[in-house]
Every structure is written in C-alpha cells, then in structure tokens.
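The values are calculated or read from the model by the stated rules, or taken from the named source; none is laboratory data. Since we're looking at a predicted model, the values are computed, not measured. Here Cβ is always computed from backbone atoms with ideal geometry, including for glycine, and neighbour counts include all displayed protein chains.
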Amino acid sequence: MVPSKTNQGSIYPAADAEFFRVFMPYEIRLARRRAMGWGFTPVDSLPPLFLGIYLLRVVSEGGETLPGPSLVSEGLRDGLLAELRPALRDSDILGSLGENEFLAVVRDLDPDQSYVVAQRLISLGHRSELLRPAGLGVRVGYVIYPLTTQPNFPGENWPELVDLARSVARRGSRRQGATGFGMLRGTAIGETNITETDLVDLASQDIDSLVSAGLVRLQRIHLISGL
C-alpha cells in the first residue's frame, strides 16, 4: 500500500491489486467467523458487523464501461482515490483494482446503511474534478457479506464476490450514468439449506431468480444531491 493524499490533506493508505490479494481472504474469514458466532440469531437482530465490498467502475456519460485504459496516468488514478476517500472512514480500505476499477472495503457495516456508502461514493465520483471535464462518471456495485446465516465461502475465492459486485454494477440502463446496485442476503435465506458457495455460484448465473425466491435482495442506488 502507498499513501494517498486526500483533498483535506490527510494521508490514508491506498491499496493495489497485490494488497487486496493478501488482505481480502483474511477479511472474508473474519466476517465468516463473526457470523458463525451469531448462531441462530434472527436476521433482523444481527449486529452491524458485515463486510461491504464496493466496486466502482469508470464509465462514460452514457453509462458505457470504457474499453481499454482510460485512467491515463498514475497521477489521475491517485487523484480520483483522493476524491473518493472522504466517503469512507479511516478504518476502511480503498484502492485500485485496474485501469477503470476501484475497490472499497467497508468493515463493521450495518446492512441497512450500506446504500448510504454507495450513494456517497457515487456522489463524489459524479462531482469529480478529474472525471467531469472528460465526460466520465462512475457506477457502483456492491456485495454485503455474509450472504447466508451459515457462511462457508472460502476466503481465497474473494474475486468471485468482486465479480458479483461487478455484475450488479452493470445492471440497468446504460443511459442512467452514475447509478448502481447492491446485493444483500434475502429474508428467506434462513429457510433454506443452500450453502453460501452454491449461492454465490448461482448468483453469478441468475441473480434475478434468487431475488424472486427471496434468497438475495438488490438495492438500487440513485444519485442524491447533498450526499
């Protein structure tokens, strides 16, 4: 990780793909252990100790994901990280996954507040002094982990959760620009014996069927001024 300077002048760590490769398995396992410690606590009584995995994609004004490199310099990438950082707490992790993607990892998250984080990220991306002049914006997709009441998802498979976040970021009209979706556990998940690994695999193929069955739910993110 390397320091990233925010607009307020504070120094925060900025992650890269190699850091996430080491960091994410640990965070997934920690979230899993916490969930297993809750036992059979009702879903609506769970403490706010979930893990938020937020993927931001740089897109054109029409909502199209840009092919090939668009962040033409490391300085531009660092500048955008600095613009997005105020949406998060000091304990959260923000970094770059590649040319057009950024990953924010939010710890100890209340699922009912997960959309607020997404809206703040979207709002900062929409107001970006680096993206706006270039006719660019961001879309966000996120996954709130754990997805089941008996999680067993292998930590080393964390890229699959990022892929889910990427897939929900792509949902919706391409004309909507700076919007997004989030995926959370559904209200009916405790009534099934489906394993979390199977749930993630099924979600990668057909999220809508899982939503209809109440196994997962989707939150739509709108750009709200003032956030």
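Just one residue in the set 196, 160, 156, 191 is of a type outside the set (Lys, Arg) and at pLDDT below 90; that residue is 191.
Examine region 121-130 for a residue that is under 22 Å from residue 211 (Cα atoms) and in contact with a helix residue (DSSP H, G or I) (Cβ under 9 Å, 6 or more places away or on another chain), and state whether such a residue exists. There is no residue in region 121-130 that is under 22 Å from residue 211 (Cα atoms) and in contact with a helix residue (DSSP H, G or I) (Cβ under 9 Å, 6 or more places away or on another chain). Any chance region 122-135 includes a residue that's buried (at least 20 other Cβ atoms within 10 Å of the Cβ), under 17 Å from residue 217 (Cα atoms) and touching a residue at least 12 places away in the same chain (Cβ under 8 Å)? No; the residues of region 122-135 include none that is buried (at least 20 other Cβ atoms within 10 Å of the Cβ), under 17 Å from residue 217 (Cα atoms) and touching a residue at least 12 places away in the same chain (Cβ under 8 Å).
Inside region 86-108, residues that are in a strand (DSSP E or B) and either among the small types (Gly, Ala, Ser) or surrounded by fewer than 19 Cβ atoms within 10 Å (Cβ to Cβ) (or both) make up a count of 5.
Within region 205-224, none of the residues are of a type in the set (D, E, K, R), part of a helix (DSSP H, G or I), touching a helix residue (DSSP H, G or I) at 6+ places or on another chain (Cβ under 9 Å) and at pLDDT 90 or above. On the basis of being under 16 Å from residue 52 (Cβ atoms), part of a helix (DSSP H, G or I), in contact (Cβ under 8 Å) with a residue 12 or more places away in the chain and under 14 Å from the mean Cα position of the chain (by Cα), does residue 147 make the cut? So residue 147 fails the test.
Scanning region 91-144 for residues that are under 24 Å from residue 18 (Cα atoms) and at pLDDT below 85 returns 98, 99, 100.
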